[in-house]
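Following: one structure in structure tokens, then a few remarks.
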Amino acid sequence: MRGWWDNYRPYINGNFTDYLWLEENARTLNVFSLTVMPGLLQTLEHTTALIEHGPEAQDKLKRDRMIEARQMRHRVLDESRGKQFRFLVHEPVLYQKVGGSKTVIGQYEHLLEVIDRPHVELRLLPQECWRHIAAGVNTENTHFKLPERLPDALVFETAAGEKFLEAPDLNSYVATYDVLWSEEALDEAATARRIKTLMKDVKQ
């Protein structure tokens, strides 16, 4: 099935188009981010700063098309169509000064806006938490719950590309996510307070 991403195939790495298909068709997405701001939550300025300092920095056409593709992804979050999103983000991700103070403040403000959307939940995993390490989960991953008759999928994002798992191989990762979400992460109110504190510190 064709999607908007087909127009960007020359500018999207490897099998990321399969990831985008899952993102478009899943009913629920559980995102676990340990080292980077989740792509669906990045502001344009945050995304631009990352790409302009990445390996495509000298290729203006590819750089611009990659930025466009990243922004196109946001439609799946903005037009929820009954989808539910849960973002579990390791707190140190918010300490990164991507793009400078103005961009960082804009990113914090965007996160606070996203928290208020009824189909989106965002929780911070405190910096001191280590249970994910004990469980062997040490890289970004997303669990896609698909419509009936389609198997759930879990995707690891690595520098070498995406790695796809289906049940039962994904079960331990899903269980770890659920434990971290319910027992270790800050709730949404505490997450919002932490973001506001960080934003205040940057503004000083």
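The values are calculated or read from the model by the stated rules, or taken from the named source; none is laboratory data. The shown structure was predicted, so the numbers you read here are calculated from the model rather than taken from an experiment. Glycine gets a Cβ as well: all are built from the backbone with ideal geometry, and neighbour counts include every protein chain shown. Areas reflect the complete protein model, heavy atoms only, side chains present, ligands, DNA and RNA absent. Shrake-Rupley method; radii C 1.70, N 1.55, O 1.52, S 1.80 Å.
Got a number for the accessible area of residue 172? Probe 1.4 Å, square angstrom, nearest 10.
Here the residue's solvent-accessible area equals roughly 70 Å².
Tell me, what HN-Hα J-couplings in whole Hz come from the Karplus equation 6.51 cos²θ - 1.76 cosθ + 1.60 at θ = phi - 60° for each residue of segment 67-84, using x for Gly and Pro?
My calculation for segment 67-84 gives 5, 4, 4, 4, 6, 4, 4, 5, 4, 5, 8, 6, 10, 4, 6, x, 6, 10 Hz in order.
Assuming R0 = 25 Å, what is the FRET efficiency of residue 52 and residue 139, from their Cβ-Cβ distance, to the nearest 0.05?
0.55
List the residues, sorted by chain then number, that are 5 or more residues from residue 122 or on another chain and whose placed amide H is less than 5 Å from its amide H.
Amide H neighbours of residue 122, under 5 Å, 5+ apart: 87.
With a 1.4 Å probe and every protein chain kept in, tell me what percent of the accessible surface of the chain is carbon plus sulfur.
On the way: 5350 of 10670 Å².
Answer for the chain: carbon and sulfur cover 50 percent of the accessible area.
Can you tell me the length gained on complete extension of the stretch residue 27 to residue 175, counting 0.36 nm per residue apart and subtracting the Cα distance?
51.4 nm
If I take all pairs of Cα atoms in the chain, what percentage of them are more than 25 Å from each other?
38
Can you list residues whose amide H is under 5 Å from residue 28's amide H, if they're 5+ apart or on another chain and H is modeled 1.01 Å from N?
Residues meeting the criterion, in which the H sits 1.01 Å from N, are 84, 145.
What GluC sites (Glu not before Pro) in segment 109-175 are in a loop by DSSP, with at most 11 other Cβ atoms within 10 Å of the Cβ?
Working: sites: 109, 113, 121, 128, 140, 148, 157, 162, 166; in loops: 128, 140, 148.
Qualifying residues, ordered by number: 128, 148.
May I ask you to give the solvent-accessible area per residue for the chain, in square angstrom, as obtained with a 1.4 angstrom probe?
52
What is the list of residues in segment 14-28 whose amide nitrogen lies under 12 Å from a point 7 angstrom out from the Cα of residue 59, following Cα to Cβ?
14
With label points built 7 Å along Cα→Cβ from the Cα atoms of residue 97 and residue 158, find their separation and express it in nm.
About 3.3 nm separates the two model spin labels.
Determine the sum of side-chain charges near residue 55: Lys and Arg each +1, Asp and Glu each -1, restricted to other residues whose C-beta is under 13 angstrom from that of residue 55.
-1
Given labels modelled 7 Å from the Cα in the Cβ direction, how far is it in nm from residue 113 to residue 187?
2.7
Quick one: if you stick a label point 7 Å off each Cα along the C-beta vector at residue 105 and residue 196, how many nm between them?
Label at residue 105, label at residue 196, 1.7 nm between them.
Please count, across segment 53-174, the pairs of lysine residues with Cα atoms under 25 Å apart that sit 8 or more places apart or on different chains. Please list the in-between numbers first.
On the way: 60/97; 60/102; 62/97; 62/163; 83/145; 83/163; 145/163.
Count of close lysine pairs: 7.
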